[in-house]
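First up is the structure itself, then whatever we jot down about it.
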Amino acid sequence: MEKILNKFIEENKERLLSELFELLRIPSISADPNYKNDMFKAAEYIKNKLVNAGADNVEVIPTDGHPVVYGEKIIDPELPTVLVYGHYDVQPADPIELWNTPAFEPTIKDDIIYGRGTCDDKGQLYIHVKAFEFMMKNNALTCNVKFMLEGEEEIGSPNLEIFVGKNKEKLKADVILVSDTDMIANNIPSINVGLRGLTYVQVEVTGPNRDLHSGMYGGAVANPINILCKMVSSLTDENNHITIPGFYEKVLELTNEERAEMGLTPFSLEEYMKELNIEDVCGEKGYTTLERTNIRPCLDLNGIWGGYTGEGAKTIIPSKAYAKISMRLVPHQENAEIAELFQKHFESIAPKSVKVKVTPLHGGQPYVSPTNIIEYIAASKAMEKTFGKKPIPTRSGGSIPIMALFEKELGIKSILLGFGLETDAIHSPNEHFGVFNYLKGIETVPYFFKYYSELKK
Ligand code: BES
Ligand code: MN
Ligand code: MN
């Protein structure tokens, strides 16, 4: 396979890139209703490419939100089935003024593709479409494959749970293959075996029934922004420990051996800080930076607003203040439980002078997968083959809430075979993805299929 695979990539390089570029030009922003049509356009585009590559029963399936693209190739019902999951929706591009090139006009500079969705997740999703094309053209598909490509990952997959529940038979598979995470470095391949869970809430603090003159009332009536700031700053203590009662109760503490093993993961704090242009890191006392993002929960404000934010000065005591707060969870914390603990606590610390409202927005469970299963071993062998080095199992701080749900609903493990890098600026301006990473992904995936079907025999 090696020869024809390398030849395929070499000979088709321009087309592999230009097809991805066409997909990247469609602004499929799931969070913004103005882009509803583009969601369909992106779904249709992928559908056509799957059809052209030889997939059967390809459909753009509507949901109450954005559609799911489904397709399959069943070569023999007796053979194992790989279910490929990915998402074609992207985060909004703003702040757009910080992009050096237009977010939806992909641009290559120094062998790096810049644009929204290049890494998260269109570039990584399209790896699978093109690896499938290769396997179909060259008779190299050794097991069945199904595709489930959704358009709501970036907004918490509100309709995928329903879709999965309704289509258990259709989605029946032996393993889920996902490329939506990162590796340590291009010369240090790694495979993700852990993701954090998430609880995301919005809070609203209400003071007086209208904005007031801050001279006439200032000092006598609670200012909801002042109060909100005090409340959120009390959610962590001087050791950056979260103060919500019961928050850590179910947190799985790693053994000293496990922590020592994690400590072997290549990581340079100096480079990490330099890349972010910060003089110091900040996190929970007693844990390293990698531990803080991989095995410890955290609480962050994602946005805070209220009052007057226009030009110049307006003197008011605002009526309302808001914040969006995320909590990243680790095994065995439960999203619903944490949302409840947060709500109770937040209400309990509010002074009588304001009213608070807590609205959970979305969330999901953490996910961990073992390394001693053939699904992982197949992925490891595939990466070793194409990167020339055995990949290191790592965890990541990000979340793909649907992974734990798949395990619960479909009873199968997911393999997170990601090809991005931490520095790819996903969700940020100037998101990018290496041409190397894209092509390496297309090269690696057929080996996963090969080794997986061999090991599964
Ligand atoms: N692909 C990311 C998750 C990710 C990135 C995992 C890097 C590991 C390494 C995914 O698209 C994402 O952004 N997930 C969201 C959660 C979602 C519910 C909005 C996240 O982690 O914030
Ligand atoms: Mn993603
Ligand atoms: Mn994302």
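The values are calculated or read from the model by the stated rules, or taken from the named source; none is laboratory data. In this text the structure is predicted, and so the values were computed from the model without any measurement. FYI the Cβ positions are ideal-geometry reconstructions off the backbone, even for glycines, and counts take in every protein chain you see. Areas reflect the complete protein model, heavy atoms only, side chains present, ligands, DNA and RNA absent. Shrake-Rupley method; radii C 1.70, N 1.55, O 1.52, S 1.80 Å.
Overview of results
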item: Residue-level accessible surface for Arg292, protein heavy atoms, 1.4 Å, Å²; result: 50
item: Extended-chain gain in nm, criterion 0.36 nm per residue less alpha-carbon gap, Glu275 and Glu334; result: 17.9 nm
item: Cα-centred dipole magnitude for segment 362-410, charges only on beta-carbon of K, R (+1) and D, E (-1), debye, nearest 20; result: 280
item: Average accessible surface area per residue within the chain, 1.4 Å rolling probe, Å²; result: 46
item: Between 0 and 90°, nearest 10: helix 36-53 axis offset from the chain longest Cα axis; result: 20
item: Heavy-atom accessible surface of segment 1-115: percent carbon and sulfur, 1.4 Å; result: 48
item: Lys, Arg +1 and Asp, Glu -1 on Cβ, resulting dipole of segment 246-330 about Cα centre, debye, nearest 20; result: 620
item: Solvent exposure ordering (accessible area, 1.4 Å, most first) of His66, His427, His241; result: His427, His241, His66
item: Helix axis angle, 224-233 relative to the chain longest principal axis, alpha carbon, degrees; result: 60
item: Amide H contacts under 5 Å for Ala140, placed H, 5+ residues apart; result: none
item: Whole-Hz couplings from phi, Karplus 6.51/-1.76/1.60, listed for segment 327-343; x for Gly and Pro; result: 10, 8, 10, 10, x, 10, 5, 10, 3, 5, 5, 5, 4, 5, 4, 4, 4
item: Cut-off under 5 Å, modelled amide H: who pairs with Arg395 long-range; result: Val193
item: Value of [θ]222 nm, deg cm²/dmol, for the chain, DSSP H segments ≥ 4, -39500 (n - 2.57) each, nearest 500; result: -10500 deg cm²/dmol
item: Which of Met262, Met39 is most accessible, then next, and so on - probe 1.4 Å; result: Met262, Met39
